[in-house]
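Beneath this line is the structure, given in structure tokens, with notes to follow.
The values are calculated or read from the model by the stated rules, or taken from the named source; none is laboratory data. In this text, all values refer to a predicted model and were calculated from it rather than measured experimentally. Note that we place each Cβ from the backbone using ideal geometry, even for glycine, and neighbour counts take in every protein chain shown.
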Amino acid sequence: MARYTGAVCKQCRREGKKLFLKGDRCYTNKCGLDRRSYAPGQHGQGRKKNSEYGIQLRAKQTARRYYGIPEKQFHKYFEMAEKKVGVTGENLLQLCESRLDNVVYTASWGKSRAQARQLVNHGHFTVNGTVCNIPSRLLKAGDVVAIKSTSVDKAEFKAMLEEDASRPIPQWLAVEGTTAKVERLPEREEITVPVEEHLIVEFYSK
């Protein structure tokens with residue numbers, strides 16, 4: 001699976017908004033977007049007028065980069081969202097929010113989604129009592145995610161558990177110590193992704 005390995009601050013600069021891809025750094029004066037608030041590349045400071053297609057593309061890329069999802073997988077989520085009952089755009093964001101790596105990040109067990117994804121890959125979490133190392137696993141209401149007992153004593157987890165939650169925990173996720181339970185799928189107003197999902201639907205519907 002293709003994986004972006006370049007400077008992640010360039011992704012925020014390209015979209016013109018903070019995607020919080022580097023955790024705490026994004027809140028400091030070292031943030032790449034704050035220091036250079038224009039698109040990367042030789043012509044990044046040029047004035048550009050986006051077409052309708054360009055606006056839709058940017059909306060799709062923003063959401064995809066925000067969650068760290070490859071294009072092929074993101075398009076698969078869109079197809080799944082179309083088949084579900086309800087509003088396609090909201091269904092798509094619900095699927096992205098219910099990924100295991102996103103739940104780990106939302107529970108404040110990772111400073112960024114990239115770190116949360118790496119921790120899942122390394123097998124530090126269980127889902128309903130079974131170790132799971134698949135960041136893209138989609139969780140459902142009632143699923144319980146927990147830090148593996150042998151990982152709790154590791155320095156990185158000790159530090160995270162001793163700190164206050166760096167992000168507010170949404171009501172759809174109940175976090176207590178080393179466990180997090182998915183109470184339900186999130187409502188649209190609880191999803192903070194900076195994108196207009198109807199533009200993504202328009203992009204893929206062409």
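Among the residues that make up the stretch 118-126, is at least one of them assigned to a helix (DSSP H, G or I) and polar (S, T, N, Q)? Within the stretch 118-126, one or more residues are assigned to a helix (DSSP H, G or I) and polar (S, T, N, Q). Residues that are basic (Lys, Arg) and in a helix (DSSP H, G or I) within the stretch 127-161 comprise just one, 158. Every condition in (1) surrounded by fewer than 20 Cβ atoms within 10 Å (Cβ to Cβ); (2) polar (S, T, N, Q); (3) without any contact (Cβ under 8 Å) to a residue 40 or more places away in the chain is met by residue 73 except one, and the failing one is (3).
The set of residues in the stretch 178-206 being closer than 20 Å to residue 102 by Cβ and modelled with pLDDT under 90 consists of 192, 193, 194, 195. Among the residues of the stretch 172-205, those that are of a type in the set (Asp, Glu) and either in a loop (DSSP other than H, G, I, E, B) or touching a residue at least 24 places away in the same chain (Cβ under 8 Å) (or both) comprise 183, 187, 196, 197, 202.
Within the span defined as the stretch 162-171, every residue fails to be modelled with pLDDT under 95 and touching a His at 6+ places or on another chain (Cβ under 9 Å). When each of 150, 106, 179 is tested for being among the polar types (S, T, N, Q) and under 24 Å from residue 81 (Cβ atoms), the lone residue that passes is 106. Pairs needed: first member in the stretch 117-136, more than 11 Å from residue 148 (Cα to Cα) and in the same structural domain as residue 179 (by TED's automatic domain parsing); second member anywhere, assigned to a strand (DSSP E or B) and not hydrophobic (A, V, I, L, M, F, W, C); C-beta distance under 8 Å; at least 6 residues apart or different chains. These pairs meet every condition: 135/99; 136/99.
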